[in-house]
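Trainee: One structure follows; several queries about it will come next.
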Amino acid sequence: MTARIILPLAVLSALTLSAAHAQSPQTLVQQAVDTELAASRNDHSLWHYRMRETQEHNSIYDVVDTADGEIKQKVEQAGRPLTPDEQREEAAKVRSFVTDKRAQARQKRDGEHDDKSAEKMLNLLPRAFTWTLASTSGKDLTLHFVPDPEFKAPDIESRVLAAMEGDLIVDRQQHRIRCIRGKLAHDVNIGFGVLGKLREGGTFNVERSQIAPGLWQITETHVHIDGRALLFKTIGQQTDEVKYKFEPIPPSTTLDEAANIVASR
């Protein structure tokens, strides 16, 4: 019985590795990038979830996405529930945001900036690196990347990206990016170090999960970069975030309704 199970699995594994090798690593990466960009354009889902931030006070937030912005209210800090005074303070922050058009506009601008940066970096993945197929395991392919010495970075963001080396894990059935992780292979000086400098050895790790059929979300973000050069508005150079307990919400949910959702938890 054991042989009947192991032998077919071994054959399947060999066929999977062979099929992966039939496509160049660059092609596999491009396929994943194209799939992600198409999914991003077509995904209009909104979610209510919990987020743990550990970089400062080990806080947990209740978060609701809406078409008009994100409502985020702290519910725990340093492993304990908030005191009544802290709860009132958090509720006041939420209510202030709901009525503050400038804060909403700023959040929208920052989100759009980061979306464009993320799209740019995705498009650069097949071009900025030399790729090799490192391994296959179950549903996943692991592709290793190192900086391509021939790549000419067109801007600062591209220079930082092109200094990375690491691994990209792709779900081979859906061609979705499950994880990208790596580190800065060398220092990056911006404006001869006057405008910014990122030091060799800084690490990043972004994990993604399928939270509903065909719908993927970032569930973990870990960034530890030593230096100063902010590329994203909503992600710091020292970031540890874990998102969980995703629940879908109607696309018509307003900011005021979202505030009521977090207030009721």
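The values are calculated or read from the model by the stated rules, or taken from the named source; none is laboratory data. The structure presented is a predicted model; accordingly, all values stated were derived computationally and were not measured. Note that each Cβ is placed from the backbone with ideal geometry, even for glycine, and that neighbours are counted across all protein chains shown.
Trainee: Within the range 160-203, track down each residue that is within 16 Å of VAL223 (Cα to Cα), at pLDDT below 85 and in contact with a Gly (Cβ under 6 Å, 6 or more places away or on another chain).
Mentor: LYS197, LEU198, ARG199
Trainee: Can I ask one more? Among ALA118, ALA91, which is at negative phi and more than 22 Å from the chain's Cα centre (by Cα)? Can you show your working first?
Mentor: Working: ALA118 fails: more than 22 Å from the chain's Cα centre (by Cα).
So the residue among ALA118, ALA91 that is at negative phi and more than 22 Å from the chain's Cα centre (by Cα) is ALA91.
Trainee: Go through the residues of the range 8-28 one by one and say whether even a single one is among the β-branched types (Val, Ile, Thr), surrounded by fewer than 16 Cβ atoms within 10 Å (Cβ to Cβ) and at pLDDT below 75.
Mentor: yes
Trainee: If you check ASP62 against the conditions, is it surrounded by fewer than 14 Cβ atoms within 10 Å (Cβ to Cβ) and in contact (Cβ under 8 Å) with a residue 60 or more places away in the chain?
Mentor: When the stated conditions are applied, ASP62 does not pass them.
Trainee: Let me ask you something else. Can you find a residue that is within 22 Å of the chain's Cα centre (by Cα), in contact (Cβ under 8 Å) with a residue 60 or more places away in the chain and surrounded by 17 or more Cβ atoms within 10 Å (Cβ to Cβ) anywhere in the range 184-196?
Mentor: No, because not a single residue in the range 184-196 is within 22 Å of the chain's Cα centre (by Cα), in contact (Cβ under 8 Å) with a residue 60 or more places away in the chain and surrounded by 17 or more Cβ atoms within 10 Å (Cβ to Cβ).
Trainee: Since LEU124 meets every condition but one in (1) crowded, with 16+ Cβ neighbours inside 10 Å; (2) free of Cβ contacts under 8 Å to residues at least 40 places away in the same chain; (3) touching a strand residue (DSSP E or B) at 6+ places or on another chain (Cβ under 7 Å); (4) not polar (S, T, N, Q), which condition does it not meet?
Mentor: Tallying (1) crowded, with 16+ Cβ neighbours inside 10 Å; (2) free of Cβ contacts under 8 Å to residues at least 40 places away in the same chain; (3) touching a strand residue (DSSP E or B) at 6+ places or on another chain (Cβ under 7 Å); (4) not polar (S, T, N, Q), LEU124 fails exactly one: (3).
Trainee: Is there any pair with a first residue in the range 80-106 that is at pLDDT 95 or above and a second that is loosely packed, with under 12 Cβ neighbours inside 10 Å and of a type in the set (Ser, Thr, Tyr) whose Cβ atoms are under 8 Å apart and which are 6 or more apart or on different chains, and what are they?
Mentor: So the pair list comes out as ALA103/SER96.
Trainee: Here is a further query. Mind checking whether some residue in the range 48-57 is modelled with pLDDT under 95, under 20 Å from the mean Cα position of the chain (by Cα) and not charged (D, E, K, R)?
Mentor: Yes, there is a match, as at least one residue in the range 48-57 is modelled with pLDDT under 95, under 20 Å from the mean Cα position of the chain (by Cα) and not charged (D, E, K, R).
Trainee: Are any residues in the range 215-240 part of a strand (DSSP E or B), in contact with a strand residue (DSSP E or B) (Cβ under 6 Å, 6 or more places away or on another chain) and either at pLDDT 85 or above or buried (at least 16 other Cβ atoms within 10 Å of the Cβ) (or both), and if so, which ones?
Mentor: Residues satisfying the conditions are TRP216, GLN217, ILE218, THR219, GLU220, THR221, HIS222, VAL223, HIS224, GLY227, THR239, ASP240.
Trainee: Could you tell me which of the residues GLU157, GLU247 is buried (at least 17 other Cβ atoms within 10 Å of the Cβ) and either closer than 25 Å to GLN31 by Cβ or at pLDDT 90 or above (or both)?
Mentor: On the way: GLU247 fails: buried (at least 17 other Cβ atoms within 10 Å of the Cβ).
Just a single option satisfies the conditions, and that option is GLU157.
Trainee: Criterion first (within 28 Å of THR221 (Cβ to Cβ) and at pLDDT below 90) does ASN42 satisfy it?
Mentor: no
Trainee: Report whether or not VAL206 is under 17 Å from HIS224 (Cβ atoms), β-branched (Val, Ile, Thr) and at pLDDT 90 or above.
Mentor: Yes: the conditions hold for VAL206.
Trainee: Okay, next question. Which residues, counting only those in the range 24-65, are under 28 Å from ALA258 (Cβ atoms) and in a loop (DSSP other than H, G, I, E, B)?
Mentor: ASP43, HIS44, SER45, THR54, GLN55, GLU56, HIS57, ASN58 - these are the residues of the range 24-65 that are under 28 Å from ALA258 (Cβ atoms) and in a loop (DSSP other than H, G, I, E, B).
Trainee: So, one more: May I ask you to list the residues in the range 76-106 that are surrounded by 18 or more Cβ atoms within 10 Å (Cβ to Cβ) and out of contact with any helix residue (DSSP H, G or I) (no Cβ under 8 Å at 6 or more places or on another chain)?
Mentor: Listed by number, the list holds a single entry, GLU90.
Trainee: If we only count strands (runs of 3 or more DSSP E) wholly inside the range 94-199, which ones have 1 or more residues that are under 22 Å from LEU37 (Cα atoms) and hydrophobic (A, V, I, L, M, F, W, C)? Don't jump to the end; show me each part of the working.
Mentor: Numbers: elements: 129-137, 140-147, 164-171, 176-184, 188-190, 196-198.
In the range 94-199, the matching strands (runs of 3 or more DSSP E) lie at 129-137, 140-147, 164-171, 176-184.
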